[in-house]
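The values are calculated or read from the model by the stated rules, or taken from the named source; none is laboratory data. Treat the numbers as computed from the prediction; the structure is a model and nothing was measured. Please note: Cβ atoms are built from the backbone with ideal geometry, for glycine as well, and neighbour counts cover all protein chains shown. Surface areas here come from the heavy atoms of the whole protein model, side chains and all, with no ligands, DNA or RNA. Shrake-Rupley method; radii C 1.70, N 1.55, O 1.52, S 1.80 Å.
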Amino acid sequence: MTSAEKYIESKLEERRSSGTYRTLKPESDLIDFCSNDYLGFARSAVLKHYIDEEVQNHPQSLNGSTGSRLLSGNLQYAEDLERTIASHHQYPAGLLFNSGYDANLGLLSSLAQRGDTIILDELIHASAIDGARLSYANRYSFKHNDTESLEAKLKLAKGNCYVVIESVYSMDGDTPPLLNILNITEKYGAHLIVDEAHAVGLHPMGLVTEFSLQNRVFASLVTFGKALGGHGAIVLGSDILREYLINFARPFIYTTAASFHQLASIKMAYRLLNSVKEEIIDLRNNIKLFKEQINPESAYPLLNSNSSIQCIVFKSNDKAREMANILQNKEFDVRAILSPTVAAGTERIRTCLHSFNTVSDINKLATIINQFINA
């Protein structure tokens, strides 16, 4: 075994012994209370029909894009799609990226320079953390959703300052005090960036636009791999921001562009999003039902969330894993979220509600959870 392989094995053994070792699991036939497919778009026969029809209407489209958008991979279709999505969210412009990870990485790594400052909510997604690291800017984190902690960090900021938050947090499912954070950010001349990955769907335009804050927010990110059932992402902002990212965002410049089929899937998902009022009502009702069913007086109550993401913190990898195993044995696909994915002491089960979940399944799921947390 080489020295590199010995190092790799030692790190893997650390994970195994700590109970945080992770493996890939095959596609599950269990009842879905795990995926980010909040409105059922990923499994939608209607969306599949729309996509097939759109591809057939463009018989000259290629299977692949053939290159990066700065070389041979750009399409007028892609630019028109960017304008359509930007208009939907009421922003001047947008730029497509191949994933939400790429979007955060490209935006934050290119925007802030050495001597500037990036301030991140402590529970921000890993992609934002990685983008901030690559920027070489000064970096601070503030206590989750804590405006006093944010203001303390803003007082330390130098250069251009960017505050980065999510409108719905992926691991807690909660929403920050957006207006208060924006007011404090503006007070110190900083710029707010909002990741809307888990908001769009339940909130079709995202929370920034729903609260009419888009003219004050520097940039928003929307991903298509969650409620929209596809893949990719877009950074929304001003025309000059789009122009800047085309020239400086390395994950945009140095990657093969999305295929026509992927672009058509995104376009048709937005078409479907405009006609799913009943599904959104069903999702809201399912969230309400689940929250009402879980015993709030137990030692392990639900975290405060009005989103599709509902979590119970067990403060133990073993206990979270035990709860998840019980549910999976009862044919419910609910996963344990273990450290280091979340901080040690905040290990949990993460339950995702969908528009297609039945009342019967939600009641059965809640009964099993209550039996465990009340034991």
- Message: Take Lys291 and tell me if it is open to solvent by 40 Å² or more (accessible area, probe 1.4 Å) and in contact with a Leu (Cβ under 7 Å, 6 or more places away or on another chain).
- Response: yes
- Query: Does Ala299 satisfy the criteria of being surrounded by 15 or more Cβ atoms within 10 Å (Cβ to Cβ) and small (Gly, Ala, Ser)?
  - Reply: no
- So, first residue touching a residue at least 60 places away in the same chain (Cβ under 8 Å) and surrounded by fewer than 12 Cβ atoms within 10 Å (Cβ to Cβ) in the range 360-375, second residue part of a helix (DSSP H, G or I) and of a type outside the set (Val, Ile, Thr), Cβ within less than 6 Å, six or more apart or across chains; the pairs are none
- State whether one or more residues within the range 168-187 are touching a Gly at 6+ places or on another chain (Cβ under 6 Å), touching a residue at least 40 places away in the same chain (Cβ under 8 Å) and not polar (S, T, N, Q). no
- Message: Looking at Tyr140 and the list (1) in a loop (DSSP other than H, G, I, E, B); (2) open to solvent by 60 Å² or more (accessible area, probe 1.4 Å); (3) more than 20 Å from Ala199 (Cβ to Cβ), which single condition is not satisfied?
- Response: (1)
- Task: Pick out, from the range 274-375, the helices (runs of 4 or more DSSP H) lying fully within it that include 2 or more residues that are more than 25 Å from the chain's Cα centre (by Cα) and closer than 30 Å to Leu12 by Cα.
- Result: 317-329
- If the Cβ limit is 9 Å and pairs must be 6+ apart or interchain, which residue in the range 193-219 that is more than 21 Å from Ala128 (Cα to Cα) and outside the structural domain of Leu108 (by the TED database) pairs with which residue that is assigned to a loop (DSSP other than H, G, I, E, B) and open to solvent by less than 10 Å² (accessible area, probe 1.4 Å)? none
- Query: Can you spot a residue in the range 113-123 that is open to solvent by 40 Å² or more (accessible area, probe 1.4 Å), in contact (Cβ under 8 Å) with a residue 40 or more places away in the chain, of a type in the set (A, V, I, L, M) and in the same structural domain as Ser170 (by the TED database)?
  - Reply: yes
- Query: So Phe97 fits all but one of (1) surrounded by fewer than 20 Cβ atoms within 10 Å (Cβ to Cβ); (2) within 30 Å of Ser212 (Cα to Cα); what number is the exception?
  - Reply: (1)
- Message: For a quick check of your reading of the model, give me the residue pairs whose first member lies in the range 127-149 and is within 12 Å of Ile181 (Cβ to Cβ), whose second is part of a helix (DSSP H, G or I) and at pLDDT 95 or above, with beta-carbon atoms closer than 7 Å and at least 6 apart or on different chains.
- Response: Phe142/Ser149; Phe142/Leu150; Phe142/Lys153; Thr147/Asn180; Thr147/Ile181; Thr147/Ile184
- Query: So which residues in the range 341-359 are buried (at least 23 other Cβ atoms within 10 Å of the Cβ) and among the small types (Gly, Ala, Ser), if there are any at all?
  - Reply: Ser355
- Can you tell me which residues in the range 131-154 are within 11 Å of Leu120 (Cβ to Cβ) and aromatic (Phe, Trp, Tyr)? Tyr140, Phe142
- State which residue is most open to solvent (accessible area, probe 1.4 Å) when the search covers only the range 253-266 and only residues that are of a type in the set (A, V, I, L, M, F, W, C) and not in a loop (DSSP other than H, G, I, E, B). Ile253
- With respect to the numbered conditions (1) in the same structural domain as Leu353 (by the TED database); (2) under 30 Å from Tyr77 (Cα atoms); (3) not hydroxyl-bearing (Ser, Thr, Tyr), which one is the sole condition not fulfilled by Pro26? (2)
- Task: Please go through the range 155-175 and pick out each residue that is open to solvent by less than 10 Å² (accessible area, probe 1.4 Å) and of a type in the set (A, V, I, L, M).
- Result: Val163, Val164, Ile165, Val168
